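Just below is one structure, and these are the notes that go with it.
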Amino acid sequence: TRTVYETRGLVLGQWVGTDDNGATDSDPTGGGAPGNNMVQVLANEYDYGEDMGDGLLTQQTRMADDSSGNDRVVDYSYDFRGRLLDTTTTDGITIFISRNVYDNLDHVIGIDTYHSSVADGNLTGRTRRYYDTTGKIYREEIYAVDPDSGVATLSMVGENWYDPTGRLVQQVSPGSEAVTLISYDSLGREVLRYLAYEPLSSSSSSEQSSSSHSSRSSR
């Protein structure tokens, strides 16, 4: 494998093969040198192809074979603060888009996914996240989306609990009926993890679970 870099040290492309006869840093194919069979498998573009940018990866292409029509292309777009906004993936036939939603502290508070284009009727998935004052996620909501209308309705909720030092001590994953409880020793090392079961219909996650088991962490 040979990797080509630009002057800032950013990866421009990668080539693979078994013979790199005549290869140079700028041209791994050796300009058609005899025996050279290096083939490009990755190409990166930064700052939308403009010079003197911020070094933001704006397009990545992975070559599947000799046909450019089969390339896997991912386009990245950013907002004015340089935060990743949209990730658009295509294989030449299908387009998938993932859009990040931020708060003013740069936390990703939502992820919406679409097919074809960003439009209400094309919504395929939605996730919302809530952060505490220390920047930790304490609640995550995953929505069910009607594939015909793109209408999203709340489906699954996950929650995290932390101790005063910011360590995760209890967790319920979205859609799960299992509650994980974690204990630490005086040095902050995890020493005990409980996995408890609680039906989703239960009114409080603090009630005693119907069954549980624990595993002690190795130190």
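The values are calculated or read from the model by the stated rules, or taken from the named source; none is laboratory data. Given the structure is predicted, the values throughout are model-derived calculations rather than measurements. Cβ coordinates were reconstructed from backbone atoms using ideal geometry, including for glycine residues, and neighbour counts include every protein chain displayed.
Points worth noting:
- Thr90 meets all of the listed conditions (1) out of contact with any Leu (no Cβ under 6 Å at 6 or more places or on another chain); (2) over 25 Å from Thr113 (Cβ atoms); (3) surrounded by 13 or more Cβ atoms within 10 Å (Cβ to Cβ) but one, namely (2).
- Residues located in segment 135-155, provided they are touching a Gly at 6+ places or on another chain (Cβ under 8 Å), surrounded by fewer than 16 Cβ atoms within 10 Å (Cβ to Cβ) and at pLDDT below 95: Ser149, Ser155
- Where a residue in segment 2-20 is hydroxyl-bearing (Ser, Thr, Tyr) and its partner, wherever it lies, is surrounded by fewer than 12 Cβ atoms within 10 Å (Cβ to Cβ) and in a loop (DSSP other than H, G, I, E, B), with Cβ under 8 Å and at least six apart: Tyr5/Asp25
- Condition check for Glu198: more than 18 Å from Val101 (Cβ to Cβ), touching a strand residue (DSSP E or B) at 6+ places or on another chain (Cβ under 8 Å) and modelled with pLDDT under 95: yes
- Here His115 passes the criteria (1) more than 18 Å from the chain's Cα centre (by Cα); (2) in contact (Cβ under 8 Å) with a residue 12 or more places away in the chain except the one numbered (1).
- Residues being part of a loop (DSSP other than H, G, I, E, B) and either out of contact with any Phe, Trp or Tyr (no Cβ under 8 Å at 6 or more places or on another chain) or of a type in the set (A, V, I, L, M, F, W, C) (or both) - total across segment 164-177: 7
- Flag if Ser77 is hydroxyl-bearing (Ser, Thr, Tyr) and under 30 Å from Asn100 (Cα atoms): yes
- Restricting the search to strands (runs of 3 or more DSSP E) fully inside segment 1-65 and requiring at least 2 residues that are under 22 Å from the mean Cα position of the chain (by Cα) and buried (at least 16 other Cβ atoms within 10 Å of the Cβ) gives 39-46, 57-62.
- Sole exception among (1) within 30 Å of Pro147 (Cβ to Cβ); (2) part of a loop (DSSP other than H, G, I, E, B); (3) modelled with pLDDT of 95 or more for Asp106, by number: (1)
- Filter result for Ser98 (assigned to a strand (DSSP E or B) and either in the same structural domain as Arg193 (by TED's automatic domain parsing) or at pLDDT below 95 (or both)): no
- Candidates Thr124, Thr180 - the one that is in a strand (DSSP E or B), in contact with a Lys or Arg (Cβ under 7 Å, 6 or more places away or on another chain) and of a type in the set (Val, Ile, Thr): Thr180
- Total residues in segment 64-94, condition modelled with pLDDT under 95 and among the hydrophobic types (A, V, I, L, M, F, W, C): 3
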